[in-house]
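A.B. asks: To start, I am sharing the structure in question, which I have written as structure tokens.
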Amino acid sequence: MAQYTRIEVIQAMGDTGIVPLFYHYDVAIVKKVIQACYDGGARVFEFTNRGDHADSVFSEVSKWVCSTIPDMMLGIGSIVDDATAALYIQKGANFIVSPLLNPEIAKICNRRKIAWLPGCATLSEINYAEELGAEIVKIFPAAQIGGPDFIKSIKAPCPWSSIMASGGVSPEKENLTRWFQSGAYCVGMGSKLIIKNADEGYDYKKITELTQNSIQMIKTIKKEI
């Protein structure tokens, strides 16, 4: 069962501005990455459903988060159908992120008051997602469908829309400035944030540093807009 309501999750996404996203089959590595992001100030984390037995990994990590860093809001991404959404909700997902727009996922999430972020690529899809109850929509793949200019174009006629950009976001001031000046509500970051060292192992210290710097930059950018 989710520990946080959809409103609490949405507020946390807006407060920090970033949603780290990551998948790995090794539970220990996932825990270390989440801890590194948490130490950097992240309070929302998206584990992606991309490998065999990903649900088993998520189950173990979810229990660990609840007992060790309970103010980290753990959710699941890459969900494309309602059955899988229901599975992860039972395992404690606080939010569901999808690369597509599936009304059946909306029904599952709305029944349990869980945040649902569907992937959209047109204004019509964004409008439909909002009709279905989505507080935040994800534009995906963000860079390929128009980048920051796409968000700016959407926000002109629909300033009430809250948009998360995922794909093409990096923890650099120029990049983050473009996304947030265009009107992004928050951004999702994967491999650009969760980086490896020369030995191909994850650089947890650097991940913490990048997370902290990104959150601070986003706060500064928002003040300047």
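Read-outs throughout are calculated quantities, based only on the coordinates presented, and are distinct from any laboratory measurement. What you are looking at is a predicted structure, and each value in this text was computed from that prediction instead of being measured. Because the Cβ atoms are built from the backbone with ideal geometry, glycine has one as well, and the counts that use them run over all protein chains shown.
A.B. asks: Under 21 Å between alpha carbons, and skipping anything fewer than 8 positions from Lys206 in its own chain: which lysines qualify?
C.D. replies: By straight Cα distance, Lys206 reaches Lys31, Lys32, Lys173, Lys192, Lys196, Lys219.
A.B. asks: When 1/r is averaged over all different Cα pairs and the result inverted, which Kirkwood radius in Å belongs to segment 129-201?
C.D. replies: 13.0 Å
A.B. asks: Once you have a ≥ b ≥ c as the square roots of the Cα gyration tensor eigenvalues for segment 77-184, tell me rounded if a/c is under 1.5, and otherwise prolate or oblate according to whether a/b is larger than b/c.
C.D. replies: prolate
A.B. asks: What's the magnitude of the charge dipole for segment 77-159 around its Cα centre, counting Lys and Arg as +1 and Asp and Glu as -1 at the beta-carbon? Answer in Debye, nearest 20. Can you show the working numbers first?
C.D. replies: Numbers: 8 positive and 8 negative charges, 59 e Å.
In debye, rounded to 20, segment 77-159 gives about 280.
A.B. asks: Here's a follow-up. I want to check the label-to-label distance for Glu200 and Asp71. Put each point 7 Å from Cα in the C-beta direction and report it in nm to one decimal.
C.D. replies: 3.8 nm
A.B. asks: State to the nearest 20 debye the size of the charge dipole of the chain about its Cα centre, where the only charges are +1 on K and R beta carbons and -1 on D and E beta carbons.
C.D. replies: In total the dipole reaches around 420 debye.
A.B. asks: As a check on your grasp of the helix formula, calculate [θ] at 222 nm for the chain: sum -39500 (n - 2.57) over DSSP H runs of n ≥ 4, divide by the residue count, round to the nearest 500.
C.D. replies: That calculation yields -14500 deg cm²/dmol at 222 nm.
A.B. asks: In addition: With a cut-off of 8 Å between alpha carbons and a minimum separation of six or more residues, what is the relative contact order of segment 126-182 in percent?
C.D. replies: Contact order relative to length: 40 percent.
A.B. asks: Among (1) 12.3; (2) 16.5; (3) 11.2, which one is mean projected area of the Cα convex hull in nm² computed from these coordinates?
C.D. replies: Only one listed value fits the structure, namely (3).
A.B. asks: Follow-up. Place +1 on the Cβ of every Lys and Arg and -1 on the Cβ of every Asp and Glu in segment 119-225, take the dipole about the Cα centre, and give the residue among Pro157, Tyr202, Ser214 whose Cα lies farthest towards its positive end.
C.D. replies: About the Cα centre, the residue reaching furthest to the positive side is Ser214.
A.B. asks: Okay, next question. Only helices at least 15 Å long along their axis, Cα-based, and averaging -1.0 or more on Kyte-Doolittle count here, so list those DSSP H runs from the chain.
C.D. replies: Long hydrophobic helices here: 6-16, 27-39, 54-68, 204-224.
A.B. asks: Can you pull the one-decimal nm distance between simple spin-label points at Gln144 and Arg50, each 7 Å off the Cα toward Cβ?
C.D. replies: Simple spin-label model gives 1.3 nm for this pair.
A.B. asks: Explain nothing, just the number: dipole magnitude of segment 1-122 about its Cα centre with +1 on each Lys and Arg Cβ and -1 on each Asp and Glu Cβ, in debye rounded to the nearest 20.
C.D. replies: Dipole about the Cα centre, nearest 20: 240 debye.
A.B. asks: So what is the relative contact order of the chain, in percent, for Cα pairs below 8 Å that sit 6 or more residues apart? The partial results should precede the final answer.
C.D. replies: Working: 421 pairs, mean separation 51.5, N = 225.
So the answer I get is 23 percent.
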